[in-house]
Amino acid sequence: MTKSALITGITGQDGAYLAELLLDKGYEVYGIVRRLSTPNITRIEHVADRITLLDGDLTDQSSLNIAMQTAQPDEVYNLAAQSFVATSWNQPVLTGDVTGLGVVRLLEAVRHFCPTAKVYQASSSEMFGAAEEIPQNEKTLFHPRSPYAVAKVYGYYATVNYRESYDVFCCNGILFNHESPRRGIEFVTRKITDGVARIHHGLSKDLRLGNLDAKRDWGYAGDYVKAMWLMLQQKEADDYVIATGESHSVRDFVELAFSAVGLDRRDYVKMDERFMRPADVPELRGDASKARAKLGWKPEISFEELVKMMVRADVEWYKKKSEK
């Protein structure tokens, strides 16, 4: 019998890769999208005719109830959130409502209308924040350092609570940073590769950034959505860290990106106080030993390959744009 899946945040980076993966596996795929004056389905345009899109919002309980009743999914993937850390400082209440309470609203919809569905909750390495332990694993204590991270911790424990209190099959995927050419332009990795492409094509003279010393564990989003699916194929629900086990600084990312087009980052990068955060996280590096052992998962794309992939995609995009 054909399986069905409901994805919140289907128009985002992870949602697009996950939709492709599930469609390739023969799933009937539903996606929840917020009603906007200008629909944003660019990332899923190539598969839109194979997906059923439903109006809904994590801040609106009734829309989630209706979506759940309509789709009757076997699997639910909650990827929607106010997911930009910098924005969470300016909109902390909205971030808490969407990224934190939104998880409870979705779990309530599952509990009442699809109690046998398996649920994946997109948790985040940002929850570890200023954790003293490096690398971080499933037992590392959380020390969130932004309104976004605080909201994600709330969503994490709500998921655990529904699993333990209502016997809902729900898993937390504690994903470390994962990028791709589909990453939003507001995120630092894509800001860098887009900036490099613009400089390469003579459209910009410099690239302004904040803290270059922050270190992150960066992987490829296409690899990470496979881990999401694997979690819901297990006999028992559990929580997993998904990471490469390597950390690299923003400076490392910048140097690789500029070298991909034969340029020296020192000639173009400028520090800008506007992009410094009130409280930053010095280093996040994950230990995915549990996922490797229990799920059989491991990353396939290296850090260097990821950076070059993103730079190539942005360089090509500006080239095509100039040819029109």
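Please go through the stretch 100-148 and pick out each residue that is hydrophobic (A, V, I, L, M, F, W, C), closer than 21 Å to G219 by Cβ and open to solvent by 10 Å² or more (accessible area, probe 1.4 Å).
Within the stretch 100-148, A122, A131, I134, F142 meet the criteria.
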Exercise. So which residues in the stretch 48-78 are over 15 Å from R105 (Cβ atoms) and in contact (Cβ under 8 Å) with a residue 60 or more places away in the chain?
Worked result: A71, Q72, P73, D74, E75, Y77
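Select from the stretch 149-179 the residues that are open to solvent by less than 50 Å² (accessible area, probe 1.4 Å) and either assigned to a helix (DSSP H, G or I) or in contact with a His (Cβ under 9 Å, 6 or more places away or on another chain) (or both) and list them in ascending order. Step through it out loud before you land on a result.
Narrowing the stretch 149-179 to residues open to solvent by less than 50 Å² (accessible area, probe 1.4 Å): 149, 151-153, 155-156, 158-160, 162-163, 168-179.
Scanning the stretch 149-179 gives A149, A151, K152, V153, G155, Y156, A158, T159, V160, Y162, R163.
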For this session: Go through the stretch 282-319 and count every residue that is touching an Asp or Glu at 6+ places or on another chain (Cβ under 7 Å), under 20 Å from E186 (Cβ atoms) and among the aliphatic types (A, V, I, L, M).
Result: 3
For this session: Identify the single condition in (1) part of a loop (DSSP other than H, G, I, E, B); (2) open to solvent by 20 Å² or more (accessible area, probe 1.4 Å); (3) of a type outside the set (V, I, T) that W297 does not satisfy, given that it satisfies every other one.
Result: (2)
Exercise. In the stretch 257-294, what residues are under 22 Å from the mean Cα position of the chain (by Cα), open to solvent by 30 Å² or more (accessible area, probe 1.4 Å) and either at pLDDT below 95 or under 26 Å from M309 (Cα atoms) (or both)?
Worked result: F275, M276, R277, D280, P282, E283, R285, D287, R292
For this session: Take the stretch 125-148 and flag every residue that is outside any loop (DSSP other than H, G, I, E, B) and more than 16 Å from the chain's Cα centre (by Cα).
Result: Q136, P147
Exercise. Within the set of pairs 6+ apart or on separate chains, which have a first residue in the stretch 254-270 that is in contact (Cβ under 8 Å) with a residue 60 or more places away in the chain, a second that is open to solvent by 40 Å² or more (accessible area, probe 1.4 Å), and C-beta atoms under 6 Å apart?
Worked result: V254/R265; F258/R265; A260/K308; V261/H200; Y268/D206; K270/D206; K270/R208
Exercise. Looking at the stretch 160-169, is at least one residue of a type outside the set (A, V, I, L, M), in contact with a Phe, Trp or Tyr (Cβ under 9 Å, 6 or more places away or on another chain) and farther than 23 Å from T11 by Cβ?
Worked result: yes
Exercise. Residues in the stretch 206-224: is at least one closer than 16 Å to Y318 by Cβ and either at pLDDT 95 or above or in contact with a Gly (Cβ under 8 Å, 6 or more places away or on another chain) (or both)?
Worked result: yes
For this session: Check whether at least one residue in the stretch 24-38 is more than 19 Å from L101 (Cβ to Cβ), under 19 Å from the mean Cα position of the chain (by Cα) and not β-branched (V, I, T), and report yes or no.
Result: yes
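Among the residues of the stretch 224-238, are any surrounded by 14 or more Cβ atoms within 10 Å (Cβ to Cβ), among the acidic types (D, E) and out of contact with any Pro (no Cβ under 8 Å at 6 or more places or on another chain)?
yes
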For this session: Would you mind telling me which numbered condition in (1) assigned to a strand (DSSP E or B); (2) open to solvent by 30 Å² or more (accessible area, probe 1.4 Å) H46 fails?
Result: (1)
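The values are calculated or read from the model by the stated rules, or taken from the named source; none is laboratory data. Here the structure is a predicted model, which means the values were calculated and not measured. Quick reminder, even Gly has a Cβ in these numbers, built from the backbone with ideal geometry, and neighbours come from all protein chains shown. Each accessible area value is taken on the protein alone, full model and side chains, heavy atoms only, with ligands, DNA and RNA left out. Shrake-Rupley method; radii C 1.70, N 1.55, O 1.52, S 1.80 Å.
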